[in-house]
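Beneath this line is the structure, given in structure tokens, with notes to follow.
The values are calculated or read from the model by the stated rules, or taken from the named source; none is laboratory data. As the structure is a prediction and not an experimental result, all values here were calculated from the model. Here the Cβ positions follow ideal geometry from the backbone for every residue, glycine too, while neighbour counts run over all protein chains shown. Protein only, heavy atoms only, side chains kept; ligands, DNA and RNA dropped before computing areas. Shrake-Rupley method; radii C 1.70, N 1.55, O 1.52, S 1.80 Å.
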Amino acid sequence: VTIFEKQDYYGGLSSSEIPAYRLPYDAVDFEVRLCTDLGVKFELGKALGRDFSVQSLKDEGFGAVFLGFGLPTANTDPAFAGLEAGQGFYTSKDFLPQVSKASKPGMCCKEAAKPALPALHGTVMVLGAGDTAMDCASSAFRCGAERVILCFRRSFNEIRACPEEFEIPKKDGVEVLPYCTPREVVLRDGRIFLVEFLKMEKGADGRWAPDDDQVLRIKCQFVISAFGSHVGDSALVDACAPATFTAQGRVHADPASGQCVGVPWLFAGGDLVGATMTVEAANDGKTASWHMHKRLQESAGGAVPAEMRLPLFHSPIDDVDISIEMLGLKFKNPFGLASATAATTGEMIRRGFEAGWAFCVTKTFSLDKDLITNVSPRIVRGSTGGNIYGPGQTSFTNIELISDKSANYWCGVVRELVTDYPDHIVIASIMCSLNEADWTELARKAEAAGAHALELNLSCPHGMGERGMGLACGTVEGFVRDICRWVRAAVKIPFFAKLTPNVTDICAIAGAAKEGGADGVTAINTIQSLQTVDPDGAAWPRVGQAKQTTYGGMSGSANRPVALAKISSVARAFPGFPIMGTGGVESAEHTLQFVHCGASVVQICSAIQNQDLSVVQDYITGLKALLYLKGREASGAGWTGQTPPPGSLPHRAPGLRDIEDVVASPDRPQFGPYLTERLRARARALKEADLLAAEYVPCAVGAEPARVPRLQDELGRALSRITAWGDLSIKEQVVALVDQEKCINCGKCYMTCNDTAYQAIQFHPETHKPLVLDICTGCGLCGAVCPIPDCITFVPRSTPFPPQRGVAPDASPNPAYNPFDAAACGAA
């Protein structure tokens, strides 16, 4: 594969027209190096229409050609015809590349002279309402403009820019002028002096047209036109032959394949065929690459699958082994479907296995004499996350019972799954009342079906307990011990007792299961709850006309802190006792937390309810990355697993790293006139900064780790740090430390300390800067409510820590003592 690039730098529009503060050059360079690592060849300084044509490439022997040169010529309103940069007029195609060259170290290393930013001042008019116009507006501020006015022809509702793109210039202070189109430019002394606009009006047919009776004249020093672009150059169009163009000036190509109409070896994508965003252009390239591959392979007699499927990017992270062994069972990854709604049928479990889940625990089933019928509705969103609707629920509550399908159905499902998916683990979840014969019969049925292990549901918190099953059995140590003994006598395969958190001491229940012969436990089942009561007194879920409900089981991320506490308690009490963790796992990071607390594998359902079965791929990749980065010793101070610590992020271009030191001042907080002065200081510093001062150094890949830890190595890592309160040090005290440069002066730390803690923070009445006093006890509450990550940290106390007793401990009781009397407190 050979890429011909007109410029003498890589990256095309991504390098030249997207500013550094949105897309730094090293991000583009990284993508380029991924290509060169695969053997892609780049030829810089080679222009279509000047150095070669599409047909000449075909004649040279290229089997397929892809056109992706975009729309290189800017559209210009006739009012600006003949104007140049020296007169104060730029197009986006002139302005943005000049900004990029002068602000992206490493991009233009072949330039003899160091490029300079466009020298703007005064008022700048930016014409347009797309993403490019937004980039021009924000960049204009960074090039010295004191005032930027964004002018466009239609209404706010018809701005073509993405909402997040519009946020940047809004925060920079851009002014907005809708419903205007330029009619005339007035020059003075050879430079732009003002622009005359006509008001745009929308007709009954929905079309916009200028109204000559409504005129607006605005003085400005510069105009940047971002009214779109086109192919332009006739030589370029001719060089694209035999490709044809539509009436809109786009290459005529099949949108499903990118293949140019009538030319089977020629393909096109991106702006050239009508794409408006980088992600769309990238998709065009991927689609065309598959069809080029298909054409070349088939022309050589090769076979290509009918379904389009591109190879995934492969890295050393993909080779990380996240398999784990427990009780002789080999789990290819630790992620499994919990015994819940995601495992309602055999077909659903099949789809789960196809998606990447390593094991399943079937929906709990019983003997036919205990079959159930569910009520409806029975699953509702929780109230723990506030008024959040849609995906992203922090909890669910359900009053659903066990499976309404027969034991014969589930035994058939288990038999088929074990046969069809030999590298997956199938665990049968079963439930009976306190009856030895029933447990013996059902356990033997599941074992005979081929289940790799059993899970005894002794913990369903609703409905089943009323039948003498589930929670009714799992809260009594003797019952748990007896049931496990019965099952142990009945089967040879491993089995787990599923524990309820709705007990005083979960370790006592786990110990009873262990004594009864259980090979391990599952922790935890759902937490009994009542989520919401409406103003009319009715709670959800409401059943029937009477709007009745019952206590249900809460699941989801709200359960996770409870699950981690219960799992770690069992793991500390019974070292080496296998645990399957469940309760609020929603990421790879959560999974590692469960493993560190003693769970070998995790069961998941609520996260699937929030999204779908495909979430497992995120978890698999994330867990591999976590272990790989541990091997790379990336877990330095402050590293939590997913991103580098805030201090190491490249928020500023290399040439700007010292500017904040110029701006920083204890007299300049982050609001009102102080913020204005801060911004002015930053603007002054920017004008003097050399953005290309730092030598560009490509991101170093580094050596491969000598050893990537296995998941088994991480099992129980946190347990040695979890202890009784009495074992914690009272000699090593900390105090809060506020980073004044990160502080946004919101006052939340002061309010919470003053009203709910120790009154250890003073708030400056003018600058709103918080000051931590010597009486700080290091409780941590201020850091918990601070909205800025790492703005408040806790450092070792440098002075002695005398607890404030209020009244001297050896003072004799004084009935007249008033604790609210300041004088008495002072005397004490």
My understanding is that a pair violates if its Cα-Cα distance is over 25 Å; which of Lys93/Lys114; Lys171/Lys286; Lys286/Lys630; Lys171/Lys742; Lys41/Lys101; Lys498/Lys630 do that in this structure? Lys171/Lys286; Lys286/Lys630; Lys498/Lys630
Using only the heavy atoms of the protein chains and a 1.4 Å probe, how would Lys445, Lys219, Lys363 rank by accessible area, largest first? Lys219, Lys445, Lys363
With every protein chain present, what accessible area does Tyr628 have (1.4 Å probe, heavy atoms only), rounded to the nearest 10 Å²? 20 Å²
Rounded to 10°, Cα long-axis angle of helix 436-448 versus longest principal axis of the chain: 40 degrees
Taking the Cα centre of the chain as origin, work out the dipole magnitude from +1 charges on Lys and Arg Cβ and -1 charges on Asp and Glu Cβ, in debye rounded to 20. 760 debye
Tell me, what HN-Hα J-couplings in whole Hz come from the Karplus equation 6.51 cos²θ - 1.76 cosθ + 1.60 at θ = phi - 60° for each residue of segment 481-489, using x for Gly and Pro? 4, 5, 4, 5, 5, 5, 5, 4, 6
Once amide H atoms are placed 1.01 Å from N in the peptide plane, what residues at a sequence separation of 5 or more from Leu67, or on another chain, have their amide H within under 5 Å of its amide H? Phe267, Ala268, Gly269
Whole-Hz couplings from phi, Karplus 6.51/-1.76/1.60, listed for segment 390-404; x for Gly and Pro: x, x, x, 5, 7, 7, 10, 10, 9, 10, 6, 8, 6, 4, 8
Sorted by chain and number, the residues with a modelled amide H under 5 Å from that of Ser225, at a separation of 5 or more or across chains, are Tyr90, Thr91, Ser92, Leu127
Can you give me the solvent accessible area of Ser383 with a 1.4 Å probe, rounded to the nearest 10 Å²? 50 Å²
Subtracting the Cα-Cα distance from 0.36 nm times the residue separation, let me have the gained length for Asn435 to Ala300 in nm, one decimal. 41.6 nm
Per DSSP H run of at least 4 residues, take -39500 (n - 2.57); add these up for the chain, divide by its residues and hand me the 222 nm value, nearest 500 deg cm²/dmol. -8500 deg cm²/dmol
Summing +1 for each Lys or Arg and -1 for each Asp or Glu, what net charge is found among the other residues whose Cβ lies under 12 Å from the Cβ of Gly269? -2
Cα long-axis angle, helix 92-103 against the chain (0 to 90 degrees, to the nearest 10): 70 degrees
The local net charge around Gly12, scoring Lys/Arg +1 and Asp/Glu -1 for residues other than Gly12 whose Cβ lies under 12 Å from its Cβ, equals -3
Among 518-525, 529-536, 797-804, 343-350, how do they line up from the highest to the lowest mean number of other beta-carbon atoms within 10 Å? 518-525, 343-350, 529-536, 797-804
A correct Stokes-Einstein calculation for segment 263-309, using the alpha-carbon Kirkwood radius, 25 °C and 0.890 mPa s, returns a whole-number D in µm² s⁻¹ of 212 µm²/s
Solvent-accessible ranking of Glu175, Glu455, Glu447, largest area first, probe 1.4 Å: Glu175, Glu447, Glu455
Report for segment 468-618 the percent antiparallel among DSSP-assigned beta bridges with both residues inside it, nearest 5. 35 percent
Could you check how much of the accessible area of segment 60-146 is carbon and sulfur, as a whole percent, using a 1.4 Å probe? 51 percent
Expressed in square angstrom to the nearest 10, the accessible area of Ile149 with a 1.4 Å probe stands at 10 Å²
Computed over the chain, protein heavy atoms only, probe 1.4 angstrom, the accessible area per residue in square angstrom equals 50 Å²
Semi-axes in Å, largest first, for segment 411-469 (Cα gyration tensor, √(5λ)) are 25, 13, 8
Can you give the FRET efficiency for Gln611 and Thr723, using 1/(1 + (r/R0)^6), R0 = 30 Å, r = Cβ-Cβ distance, to the nearest 0.05? 0.25
Built amide H within the under 5 Å cut-off of Glu455, gap 5+: Ala428, Ser429, Ile430, Phe496
Nearest 0.05, what FRET efficiency do Tyr21 and Thr756 give at R0 = 25 Å with Cβ-Cβ as r? 0.05
Gain on full stretching of the segment that runs from Arg350 to Phe30 - 0.36 nm per residue minus C-alpha separation: 111.3 nm
Sticking with the crude label model, points 7 Å out along Cα→Cβ, report the distance from Glu741 to Arg680 in nm, one decimal please. 2.2 nm
Given the C-alpha atoms of segment 460-569, compute the convex hull and give its volume per residue in Å³. 122 Å³
Could you please report the charge total around Lys171, scoring K, R as +1 and D, E as -1 over all other residues with beta-carbon less than 12 angstrom from its beta-carbon? -3
Ranked by accessible surface with a 1.4 Å probe, highest first, in what order do Trp357, Trp725 come? Trp725, Trp357
The alpha-carbon pair-distance distribution computed for the chain, with 10 angstrom bins and whole-percent values, is 2, 10, 15, 17, 18, 17, 13, 7, 2, 0, 0
